[in-house]
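All remarks here apply to the structure that follows.
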Amino acid sequence: MAQTYKIAAIPGDGIGVDVTEAAEQVLHAVAKAHGGFQFQFTTFDWSSKKYLERKWYMPDDYVQQLQKHDAIYFGAVGWPNVPDHISLWGMMLPLRNSLNQYVNVRPTRVLKGTTVPLAQLQDNPKHLDWVIVRENSEGEYAGQGGTTHGHSDYAIATEVAIFTRVGIERIHRFAFEMAKSRPRKKLTMVTKSNAQRHGMVLWDKIFYEVAKEYDGVVEYDKMLVDAMTVRMVNKPESLDTIVATNLHADILSDLAAALAGSIGIAPSSNLDPTRKNPSMFEPIHGSAPDIAGQGIANPVGAFWSAAEMVRWLGNGKLDHTADQLMEAIENVTSNPKTRTRDMGGSASTKQVTDALCQEVAKIV
Ligand code: NAI
Ligand code: MG
């Protein structure tokens, strides 16, 4: 009997809804073409719209509900009528924390047919092929801090970044393993330990401790985050795997997506490497209120995230299928008729999705 993967779908807000629907359609097409497995989706209506009605984003037993699934597929959360720190802390960050998804993996490369802003990359698209490994559980997004005298002229607010030995060690080890698994075996660690002299110094120290285990196997170097932005633009070919803190990687991965052509293309995986909890897959873009409801969102980031989900679920057995899905995605992006507006085309989300399903039927 075909294996059934149970997926919790959380479309969320704005274009999150459009691209999740598109990704589901494509995943069903992949399963049908492959024949060895199927997907069973359960959709959760957790969103900002519902929050305004119910005053909660997720029910108290959300962890138990989600743990019944093999993976989570997430769209985006956030809407102009809810402050962004409420929506992010109502759903995204608690999910990552309570499901022990301490790694966020963000691959970036220039997909076929993409127009990119840098001339040198347009001529040599293979010069950009990176995986950003983002610390996803602590650091600058640990949520510690507070506000005193908030409504007076004496307002004080603190935002405390937390760095733990366990948290740092496990992310560096994951990054070294990722670098080791890639052809170039090259890792760049991003830091700001010149100005931030406690947490970031520990971050660096533990990096070099872990690095000893990979001497002669993985080539590694260190970059201050500000200089890193320059290197990403000027010498993209000098980078391969990148490890950075929660905040730094958040920012650098948006830059990476822009260099690769569009924020609408970029995928991300929130992983619990122990596999005790379901991992979560989502495009890196947000709910895009400016284009929501128009049917024009680029679903490619959602499709690439779906391919990463297939890879993760297969745990080594579906790598070929995930690669075939990527090949199908690039056949679609190389055709000017099946590109959305952000990629210089005029196709709708639905047209791109239907075109990909046809490619999948041919390739997988
Ligand atoms: P955004 O990613 O939603 O949009 C930034 C710009 O990129 C907009 O002009 C948008 O139209 C465009 N864009 C994004 N995705 C696109 C796609 N797939 N196709 C075509 N164009 C696309 O970021 P923004 O505007 O900063 O945030 C909007 C809301 O989303 C906020 O409430 C924010 O908090 C939330 N957000 C949620 C995230 C998540 O759920 N993981 C991540 C980022 C933002
Ligand atoms: Mg971000």
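Any read-out appearing in this document is the output of simple, stated calculations on the displayed coordinates, not a laboratory observation. The structure displayed is predicted, hence computed values, not measured ones. Because the Cβ atoms are built from the backbone with ideal geometry, glycine has one as well, and the counts that use them run over all protein chains shown.
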Distance (nanometres) between label positions extended 7 Å along Cα→Cβ at GLU177 and VAL201: 3.1 nm
Among the complete DSSP H segments of the chain, which ones combine at least 15 Å of alpha-carbon extent along their axis with a mean Kyte-Doolittle hydropathy of 0.0 or more? 15-34, 199-211, 246-259, 300-314
For segment 80-188, compute Rg over Rh where Rg is the Cα radius of gyration and Rh is the Kirkwood radius from the inverse mean 1/r over Cα pairs. 1.11
Most mobile listed residue (PRO94, PRO283, PRO59) in the chain, GNM with C-alpha springs under 10 Å: PRO59
So how strong a dipole does segment 231-357 carry about its Cα centre when Lys and Arg Cβ are +1 and Asp and Glu Cβ are -1, to the nearest 20 debye? 100 debye
Set the bar at 25 Å for Cα to Cα. Now go through LYS6/LYS186; LYS6/LYS276; LYS212/LYS235 and name every pair that lies beyond it. LYS6/LYS186; LYS212/LYS235
Considering the Cα trace of the chain, what is its radius of gyration and what is Dmax, both in angstroms? 20.3, 67
For a quick check, take a GNM of the chain with Cα springs below 10 Å and name the residue from GLU53, GLU213, GLU135 with the largest mean-square fluctuation. GLU53
Over the chain: helical MRE at 222 nm, DSSP H runs n ≥ 4 each giving -39500 (n - 2.57), nearest 500: -12500 deg cm²/dmol
Among ASN246, ASN277, ASN124, which one shows the biggest mean-square fluctuation in a GNM of the chain, springs joining Cα atoms closer than 10 Å? ASN124
Two pseudo-spin positions, 7 Å from Cα along C-beta at GLN38 and at SER238, lie apart in nanometres by 5.3 nm
Once fully extended, how much extra length lies between ASN194 and ASP45, figured as 0.36 nm per residue of separation less the alpha-carbon to alpha-carbon distance? 49.2 nm
May I ask you to compute the full-extension gain from LEU247 to ASP123, defined as 0.36 nm times their residue separation minus their alpha-carbon distance, rounded to one decimal in nm? 41.5 nm
Rounded to the nearest 0.05, what FRET efficiency do ASP323 and LYS68 give with R0 = 45 Å and r taken as the Cβ-Cβ distance? Could you check? 0.95
Between HIS149 and GLU209, what length comes free when the chain is fully extended (0.36 nm per residue of separation minus the Cα-Cα distance, one decimal in nm)? 17.3 nm
DSSP-defined antiparallel bridges as percent of all bridges, the chain, nearest 5: 40 percent
For ALA361 and ASP61, extending 7 Å from Cα along the Cα-Cβ vector and measuring point to point gives, in nm, a value of 4.1 nm
Low-density loop cleavage sites - trypsin sites (Lys or Arg not before Pro) in segment 37-75, where at most 14 other Cβ are within 10 Å (DSSP): LYS55, LYS68
For segment 116-260, rounded, prolate or oblate, judged on the Cα gyration tensor with a ≥ b ≥ c (square roots of eigenvalues), a/c < 1.5 rounded, else prolate if a/b > b/c? oblate
